[in-house]
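Report on the structure given below.
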Amino acid sequence: YEKDGEISFGKGRRRRILSAKQFLNYAVHNLGADERWLPPANLETIKDLKGKQNKKDKPAANNAGKAQRISDDAFLELLDSFDTDKPDQKRWRLAIGLMSCFALRPVELKYCKANGDLLDIDYIKISSDGATEERQVEPLAPVARPELAKQLLLELSSGLTELPPLGQFDRWAARSVSRALDRNDVWNKLKAEAIEAGTKISCYSLRHGAAFRGAVVYGIGVDDLAKNMGHSVSTYLKYYRDFNDQKGKTSLFEVAR
């Protein structure tokens with residue numbers, strides 16, 4: 001695209017550059033290809049190759065933007081509002097519970113599997129910072145219900161409750177979760193309260209709540225939390241630095257007391 005003498009590129013080009021970068025890294029580090037095939041180490045060079053993003057390609061989904069975290073009390077109220085006597089609601093209760101207790105992206109529900117007290121995530125996300133790895137996720141259950149994560153894992157592993165359909169394509173997962181939540185009265189009440197306060201919540205608010213819980217309530221370090229959430233440390237700090245800053249302040253007050 002060209003406007004006022006400035007050229008910008010569509011997301012197709014950007015994805016191809018990132019895919020090529022990951023492929024070349026894999027070929028050199030895992031398959032023994034000559035190091036001359038390594039992609040440029042300079043991030044500015046990669047940015048130049050990708051080009052400037054065209055504004056038309058920026059996401060405008062209703063879950064985009066700075067959604068606020070959902071508190072543990074609000075999450076538990078939401079979880080308890082699902083009618084477990086109705087199969088469809090029971091499936092969505094399992095999905096929402098896993099998203100909050102394991103800080104999942106909506107799409108990761110399609111790639112999760114119980115593994116004892118952990119949750120295996122077989123999902124790779126490619127971004128400008130690189131690609132995530134498959135990971136094992138430690139639970140971050142609310143303090144008020146410490147056994148909740150284990151109960152959800154048992155429900156998932158037993159096969160008695162299946163996860164709900166999340167769409168044919170990965171990009172549909174967040175939309176499927178959002179639509180299910182929008183049919184819930186408690187969720188709509190929480191959305192209205194957020195709007196009245198001048199903020200907003202989305203399905204990602206469950207993940208943000210878990211990040212807050214891990215940093216502030218449990219006091220887990222940045223490196224461990226970033227790995228657990230499938231982030232690089234830089235990406236984690238980009239979104240959640242204030243949570244860890246708050247953890248530091250809380251710790252100082254605890255020492256003072």
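Observations
- Cα gyration tensor category, rounded, prolate or oblate, for region 70-213 with a/c compared to 1.5: rounded
- Residue list for region 69-104, given a label point 7 angstrom along the Cα-to-Cβ vector of E193 and an amide N cut-off under 19 Å: 69-83, 96-97, 100-101
- As a fraction of the 1.4 Å probe accessible area of region 142-209, surface on carbon and sulfur atoms comes out at 54 percent.
- 10 Å binning of all Cα-Cα separations within region 147-228, expressed as whole percents from 0 upward: 14, 30, 42, 13, 0
- Long-range HN-HN contacts of R135 with modeled amide H, under 5 Å: I121, Y123
- For K50, a cut-off of 14 angstrom between C-alpha atoms picks up these aspartates and glutamates, skipping any fewer than 8 places away in its own chain: D129.
- Estimated FRET transfer efficiency (R145, V233; beta-carbon r; R0 41 Å; 0.05): 0.90
The values are calculated or read from the model by the stated rules, or taken from the named source; none is laboratory data. On a predicted model such as this, the values are computed, not experimentally measured, just so you know. Heads up, the Cβs are rebuilt from the backbone with ideal geometry, glycines too, and the neighbour counts pull from every protein chain shown. SASA here: full protein model, heavy atoms, side chains in, ligands and nucleic acids out. Shrake-Rupley method; radii C 1.70, N 1.55, O 1.52, S 1.80 Å.
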